[in-house]
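Below is one structure, written out as structure tokens, with a few remarks after it.
Throughout, read-outs are computed from the coordinates displayed, never taken from laboratory work. Here the structure is a predicted model, which means the values were calculated and not measured. Here Cβ is always computed from backbone atoms with ideal geometry, including for glycine, and neighbour counts include all displayed protein chains.
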């Protein structure tokens, strides 16, 4: 018996379709049916971050960035380590306070 290419392709397609049906009917390890859609849950911390971003005042950062870029290119930009350290400490204190308020 000679199997033509068309017959061979039909056999492969039938096997593929049968396997797809089997996969679609099986439950995954969590007991959910396999489907083509995906469910995504956003963590509480991501939701909080999103709300903080949305509630932040609308500041035009492009002007600030352009000013700093020009200073860097001119060689006149000065890093102020004390200011950076103060901001870091202030942010850490705010974070610590918000964590203790949430408990």
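Multiplying the sequence separation of residue 40 and residue 91 by 0.36 nm and subtracting their Cα-Cα distance, what value in nm do you get?
Working: separation 51, 0.36 × 51 = 18.36 nm, distance 3.03 nm.
Gain on stretching residue 40 to residue 91: 15.3 nm.
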**Prompt:** Stretched out fully, how many nm does the piece from residue 11 to residue 66 gain, at 0.36 nm a residue minus the Cα gap?
**Reply:** 13.4 nm
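What is the calculated FRET efficiency for residue 56 to residue 21, with r their C-beta to C-beta distance and R₀ = 41 Å, to the nearest 0.05? Show your work: numbers first, answer last.
Details: r = 51 Å, r/R0 = 1.24.
In this case the efficiency is close to 0.20.
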